[in-house]
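First comes the structure, then the notes that go with it.
The values are calculated or read from the model by the stated rules, or taken from the named source; none is laboratory data. All values derive from a computational prediction rather than experimental measurement. We place every Cβ from the backbone using ideal geometry, glycine too, and count neighbours over all the protein chains shown.
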Amino acid sequence: MSSNSYHAAPETIAAPPPGCPMHASWSPLGNEYLADPYPIAASLREEHPVFYAEQIGHVVVTKMEDIEHVFMNPDIFASTNVQDPIFPLAPEAGAVLSADDFDPVAVMSNRPEPDHARIRVLTRQGFSNRRLKALEDYMRSRATALLDDMVASGNSADYVAALAFPLPAEIVFRLIGFPEADDRMIKSWCGNRKAFSWGKPTAAEQTKIAEGMLEYWRYCRDFVAQRRDERRDDFTSELLNAHDADPDPANGTGISYREVESVVYGISFAGHDPVTALLCNTLRCLLPRREQWDALCADPSLAAAAVEETLRFESSQISWRRVTTQATTLGGVDLPAGTKLMLNFASANHQPDLFEDPGTFDINRGRKGGGASRHISFGKGIHFCLGAGLSRMEARIALELLAQRLPSLRLAQNPDGSEQDFSFFPNITFRGPDALHLEWNK
């Protein structure tokens with residue numbers, strides 16, 4: 001894969017920068033951290049705000065001010081590694097992705113300046129107020145239908161399977177223009193991307209994921225080719241219209257045909273998997289705190305504040321990555337060019353000098369001053385998440401509908417009466433339960 005490819009795996013785990021504090025045993029893939037990262041992240045922040053984690057070969061950055069500094073200086077801290085596997089690629093997986101026609105290029109989250117700005121201007125137009133309004137109407141209609149099916153099934157359900165997984169996927173697929181008949185197939189290809197880029201899959205798992213990525217890339221290329229000949233009112237057609245108007249990226253404003261294909265390839269995962277986690281995390285935060293759930297049921301306009309506090313307190317994205325382009329100093333630690341960074345959102349979003357009583361979930365935090373919106377869960381600066389508004393909208397609408405329809409909603413307990421156990425897909429970045437079992441009164 002070329003240096004500008006969408007996924008570029010490391011050949012080895014990077015060595016620690018000279019003089020950098022080190023942590024030999026901690027890993028963001030450890031079972032204890034996966035179960036509850038926040039107390040561990042706070043401890044790490046207090047011990048060494050910037051340190052090298054031997055298990056993943058990255059320098060971990062834990063304080064908000066340092067993370068914001070990284071985001072606001074993209075010329076020094078590049079985004080080129082955010083989609084790359086953490087660990088070296090298994091030869092079998094590498095062979096799959098060496099296919100002559102697997103050639104997506106970096107476009108948005110992992111493309112440096114000036115190309116990132118050029119492409120972002122064009123992709124941002126796909127998230128116009130007009131299109132978001134049309135999606136909101138579809139979103140509310142589809143969420144209502146899924147909720148109807150969930151309620152009709154009885155008085156309990158797995159929220160992930162019933163609504164939180166299908167809804168965000170279908171929203172982003174409709175944005176792109178993918179036909180509904182292909183939804184199940186596309187979801188199967190996107191399902192394990194978390195493991196490939198942000199986890200530690202076995203060689204066999206890596207190879208299977210790579211096969212799905214290759215199939216999905218070929219699907220995206222065929223779909224873009226179809227839209228090239230038959231335009232519709234969708235995001236893909238808008239990108240193709242922009243390509244027709246200015247097909248030469250070299251002039252600083254155009255977008256190439258391969259970049260159009262690659263945007264479609266990348267946005268499908270980014271637009272739904274983290275949102276599934278956000279939909280679940282809002283309920284994991286609210287339902288055990290009955291006074292706050294009851295307040296939301298009495299006043300659904302609190303849904304937006306509940307979403308924002310969830311993004312701070314129990315974010316669906318607890319880290320992101322960068323790599324230094326030159327020698328620099330961060331948090332008092334000297335870093336050579338090529339140093340890989342893991343930005344620890346779990347630590348920064350619970351920083352006590354920024355958020356009063358950060359370990360408390362409070363949907364009224366914004367009304368008391370020092371609101372939750374200071375969180376870093378969508379990034380900052382030129383790479384601020386393009387889909388932040390869409391994600392917030394989906395989570396808000398889902399909460400509004402649930403509060404209106406099922407005020408008795410609660411987390412299901414285990415058969416022995418104990419609290420429900422949650423499992424989380426092992427990866428360093430995205431956090432949401434694999435299943436979320438709910439109950440309600442008929």
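Listed here are the residues, each with its yes/no results for (1) over 15 Å from THR276 (Cβ atoms); (2) under 18 Å from the mean Cα position of the chain (by Cα); (3) surrounded by 17 or more Cβ atoms within 10 Å (Cβ to Cβ).
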| residue | (1), (2), (3) |
| --- | --- |
| SER98 | yes, no, no |
| ALA134 | yes, no, no |
| SER156 | yes, no, no |
| ALA164 | no, yes, yes |
| LEU167 | no, yes, yes |
| PHE178 | yes, no, yes |
| ARG184 | yes, no, no |
| TRP189 | yes, yes, yes |
| ASN192 | no, yes, yes |
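Counting residues that are small (Gly, Ala, Ser), which helices (runs of 4 or more DSSP H) fully inside region 59-154 reach at least 1?
Where helices (runs of 4 or more DSSP H) fall fully within region 59-154 and carry at least 1 residues being small (Gly, Ala, Ser), they are 91-97, 115-124, 129-152.
Count, please, the residues in region 1-48 that happen to be in a helix (DSSP H, G or I) and among the β-branched types (Val, Ile, Thr).
Of the residues in that region, 1 qualify.
Each row is one residue, and each column tells you yes or no for (1) more than 15 Å from the chain's Cα centre (by Cα); (2) among the aromatic types (Phe, Trp, Tyr); (3) under 28 Å from ASN31 (Cβ atoms); (4) surrounded by fewer than 14 Cβ atoms within 10 Å (Cβ to Cβ).
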| position | (1), (2), (3), (4) |
| --- | --- |
| GLU394 | no, no, no, no |
| LEU401 | yes, no, no, no |
| ARG431 | no, no, yes, no |
| LEU438 | yes, no, yes, no |
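Condition check: surrounded by 23 or more Cβ atoms within 10 Å (Cβ to Cβ), farther than 16 Å from VAL275 by Cβ, among the aromatic types (Phe, Trp, Tyr) and touching a Phe, Trp or Tyr at 6+ places or on another chain (Cβ under 9 Å). Does PHE361 satisfy that?
no
Yes/no per residue for (1) at pLDDT 95 or above; (2) crowded, with 17+ Cβ neighbours inside 10 Å; (3) not basic (Lys, Arg):
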{"position": "SER2", "(1), (2), (3)": "no, no, yes"}
{"position": "TYR6", "(1), (2), (3)": "no, yes, yes"}
{"position": "MET22", "(1), (2), (3)": "yes, no, yes"}
{"position": "PRO28", "(1), (2), (3)": "yes, yes, yes"}
{"position": "GLU32", "(1), (2), (3)": "yes, no, yes"}
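Given (1) surrounded by fewer than 21 Cβ atoms within 10 Å (Cβ to Cβ); (2) farther than 24 Å from GLN404 by Cβ; (3) in contact with a strand residue (DSSP E or B) (Cβ under 7 Å, 6 or more places away or on another chain), identify the lone condition not met by LEU287.
If we test LEU287 against (1) surrounded by fewer than 21 Cβ atoms within 10 Å (Cβ to Cβ); (2) farther than 24 Å from GLN404 by Cβ; (3) in contact with a strand residue (DSSP E or B) (Cβ under 7 Å, 6 or more places away or on another chain), just (2) comes out false.
When you check GLN420 against the structure, is it surrounded by fewer than 21 Cβ atoms within 10 Å (Cβ to Cβ), within 25 Å of the chain's Cα centre (by Cα) and not in a helix (DSSP H, G or I), yes or no?
Judged against the criteria, GLN420 is a match.
With the condition kept exactly as written, say whether any residue in region 116-127 is buried (at least 16 other Cβ atoms within 10 Å of the Cβ), among the hydrophobic types (A, V, I, L, M, F, W, C) and within 30 Å of ALA162 (Cα to Cα).
Filtering region 116-127 down to residues buried (at least 16 other Cβ atoms within 10 Å of the Cβ) leaves 116, 118-120, 122-123, 126-127.
Those left that are additionally among the hydrophobic types (A, V, I, L, M, F, W, C): 119, 122, 127.
Narrowing the set further to residues that are within 30 Å of ALA162 (Cα to Cα) leaves 127.
Within region 116-127, one or more residues are buried (at least 16 other Cβ atoms within 10 Å of the Cβ), among the hydrophobic types (A, V, I, L, M, F, W, C) and within 30 Å of ALA162 (Cα to Cα).
Would it be correct to say that ALA134 is among the hydrophobic types (A, V, I, L, M, F, W, C) and without any contact (Cβ under 8 Å) to a residue 12 or more places away in the chain?
Yes.
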